[in-house]
Every structure is written in structure tokens, then in C-alpha cells.
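*Asks:* First the structure, then my questions, so here it is.
The values are calculated or read from the model by the stated rules, or taken from the named source; none is laboratory data. In this text, all values refer to a predicted model and were calculated from it rather than measured experimentally. Here the Cβ positions follow ideal geometry from the backbone for every residue, glycine too, while neighbour counts run over all protein chains shown.
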Amino acid sequence: MNRDSGPIVYLALTATTLFWGLSFVATKLALETIPPTLLLFFRFAAAGAFLLLLLPRRTLRVLSPGDHLLLFVTAAFEPGLYFLFETLALQRIHAAEASLIVATIPMVVLVLSALFLAEKNNWKVGTGIALSMAGAAVLAFLGEKSALHSSSSAQGYLFMCGAVFTASGYITLARKLTRRLSALLVTTMQVVYGGLFFAPAAILKWETASLQNISYRSLAGLGFLILFATVAAFFCYNFALTRIKAAVASIYLNGIPLVTAAAAWLLLGEKLTYAQAAGGGLILLSVYIVNHCSREEQPTPDPLLQ
């Protein structure tokens, strides 16, 4: 493996964190005039088409019918169910709140790994999981729009919990795929099948949708989601994973909630209460603890990303 990572790798990780952090705000803007089902379909269908143009045709020949089936099931978890839950949640809660709950995904992955992959974790991991759950509880029940006072917010938190668990299931399943297939190929087919996953709902919504009422703000949000939050972010992150450990790369992603909170404050006029800040702090602390006590092997370089 090439251990000479260089500044370009960390620049790629910084770009990934920025793009995914801003994606929550972009989704909020897009949802102002674009229905959720059409937004999800447009985002992944367009990104999938773009990635297919970049992918060497020879790489598609290595996929068997079984591979296609497994890739479709994987895409059903994410982007399928994950982005459906996330989009529904962003109609009900603040972008900053949603991004902080997403920070619990590494904790759930560790639990699933212990249950289904027989991986042993020490007491520090258990402490991290406990802190993460406590932070999510503080965020949900003591925030400005508490689930105790707003049924809409309560639904938003539940949808984000669904997003966390489906994303964690995807990560567990995807480990089998990335052992045999390149990261670029898995990413491309995942996005393509994600577009197909949302196609039926988009077709049903198409006849009643008022596309002429879509605002320029929403179009700008959609364009950002397609080009930056989907295509560019996945390329940057996959490139970084070919050169440094996954645990090191994941540390950068812990900055996503901070990017989202700053962007939501600047662009959407949102704010976090002291209770929400405390809950977010517990979540980020838990992720920090787990990242520094988890040992992961360095991945095999992806020849398509060299």
C-alpha cells in the first residue's frame, strides 16, 4: 500500500466533510419546492448517469447476476431507505439536529459487528456507545423543538433513527462487496441502483407534481446534491481510503455536524440551544473515543482510483 499519503489526501477528506456537511442544508433548500420522492430520484439518477460515464466499461463485465442482486439489496439500504428516512426527517427537524444524530452511525456499526461478525470490543467502545445514546436522547428531548412538545419533531427523530440503522446495515453488508470489487465500481452501481429504487415513487408523483413551481433555490440545492454531495464526495472519500486507514479517514467525517451547524446558521437562520449543543458534544465525544480505540486494517489500494 502506498503510505505516502501527502496533503492531497487530507484535502480530499476536508472536501468530503465540507460537501456532506453542506448536503443537509442543500436538502432543506431543495425540499422547499421539490417533492421528496422526485428529489431523491433526480439526485441519484443524475449522479448515477454521470458516474457510469466515468467508469471504464471493462469493470462492469466482472459483475455476475449474483453480484448485481447483492448490489441492489445494498443500495436498498443506502441510498434507498437511508435517504428516504433522512429526507423525511429534514422536513420535520433542523438540519443541524439531523446531522448530529447521523454521528451515531459508527456506534451502531460496532454493535452490529459484535453481534454478527463476532468482533470483540473493549470497555472504551461501550463507553462511547453509551455517550452517543445519551447525546441523542438529550438532543431529542431537551432541544428547542423537543419531541416532548412537538409530534412533528418526534417523527423527525424517529426517521433519523431509521436512517442510522439502515446506514449501519449497509456498511455491514458492503464489507463483503468491497473485498472482491473495487470501491469505484461498488459506489457507481450503488448510486445507479439507488436511482432505480426511487423510480417507482417518482413515476407515481410525476403526474401530480408542479415542476413549473420549482424555485432557483431548490434547483441550486439539487445541483449541489448531485455534483458535490454525491459524485465529488464519494470520489474524494474513496480516493482517501486507498491511501490511509479507514479509522483515520473517519475522524475527518466527525466534522460534518460542525459544518452543518455553521451552514444552517448562516444560510437557514437556524440555531442550536445549549441543550442541543450539549447533546451534540456527547455524540462527538463518543465518536472520538471509539475512533481512537478501534484498530482497523488498511485497505487494499483501489487500482481504479490510483
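*Asks:* Across region 34-53, what is the total count of residues that are surrounded by fewer than 18 Cβ atoms within 10 Å (Cβ to Cβ) and either aromatic (Phe, Trp, Tyr) or in contact with a helix residue (DSSP H, G or I) (Cβ under 7 Å, 6 or more places away or on another chain) (or both)? First the steps, then the outcome.
*Replies:* Residues of region 34-53 surrounded by fewer than 18 Cβ atoms within 10 Å (Cβ to Cβ): 49-50, 52-53.
Imposing the further condition that a residue be either aromatic (Phe, Trp, Tyr) or in contact with a helix residue (DSSP H, G or I) (Cβ under 7 Å, 6 or more places away or on another chain) (or both) reduces the set to 50, 52.
Number satisfying all stated conditions: 2.
*Asks:* Another question about this same structure. Which of the following residues is among the aromatic types (Phe, Trp, Tyr) and modelled with pLDDT of 70 or more: 252, 274?
*Replies:* Numbers: 252 fails: modelled with pLDDT of 70 or more.
After applying the criteria, what remains is 274.
*Asks:* Of the numbered conditions (1) surrounded by 17 or more Cβ atoms within 10 Å (Cβ to Cβ); (2) closer than 19 Å to residue 58 by Cα, residue 179 fails exactly one; give the number of that condition.
*Replies:* The single condition residue 179 does not satisfy is (1).
*Asks:* Has region 54-68 got any residue that is closer than 20 Å to residue 224 by Cβ and either surrounded by 21 or more Cβ atoms within 10 Å (Cβ to Cβ) or at pLDDT 85 or above (or both)? Steps first, please.
*Replies:* Within region 54-68, the first condition is being closer than 20 Å to residue 224 by Cβ, and the residues that meet it are 54.
Still in the running and either surrounded by 21 or more Cβ atoms within 10 Å (Cβ to Cβ) or at pLDDT 85 or above (or both): 54.
Checking region 54-68: at least one residue is closer than 20 Å to residue 224 by Cβ and either surrounded by 21 or more Cβ atoms within 10 Å (Cβ to Cβ) or at pLDDT 85 or above (or both).
*Asks:* Specify which of the listed residues (88, 53, 69, 84) is assigned to a helix (DSSP H, G or I), more than 20 Å from the chain's Cα centre (by Cα) and within 21 Å of residue 170 (Cα to Cα). Walk me through how you get there before you give the answer.
*Replies:* Numbers: 88 fails: more than 20 Å from the chain's Cα centre (by Cα); 53 fails: within 21 Å of residue 170 (Cα to Cα); 84 fails: more than 20 Å from the chain's Cα centre (by Cα).
None of the other options fit; the residue is 69.
*Asks:* Quick check on region 182-230: of everything there that is touching a helix residue (DSSP H, G or I) at 6+ places or on another chain (Cβ under 7 Å) and not in a helix (DSSP H, G or I), which residue is farthest from residue 34 (Cα to Cα)?
*Replies:* The residue in question is 182.
*Asks:* Can you tell me which residue among 110, 81, 100 is touching a Phe, Trp or Tyr at 6+ places or on another chain (Cβ under 9 Å) and crowded, with 18+ Cβ neighbours inside 10 Å?
*Replies:* Numbers: 110 fails: touching a Phe, Trp or Tyr at 6+ places or on another chain (Cβ under 9 Å); 100 fails: touching a Phe, Trp or Tyr at 6+ places or on another chain (Cβ under 9 Å).
After applying the criteria, what remains is 81.
*Asks:* Then there is this: Tell me, please, whether a residue that is over 17 Å from the mean Cα position of the chain (by Cα) and either surrounded by 18 or more Cβ atoms within 10 Å (Cβ to Cβ) or modelled with pLDDT of 75 or more (or both) can be found in region 120-127. Walk me through how you get there before you give the answer.
*Replies:* Kept after step one, since they are over 17 Å from the mean Cα position of the chain (by Cα), are these residues of region 120-127: 120-127.
Restricting the remaining residues to those that are either surrounded by 18 or more Cβ atoms within 10 Å (Cβ to Cβ) or modelled with pLDDT of 75 or more (or both) gives 125.
Yes, region 120-127 has at least one match.
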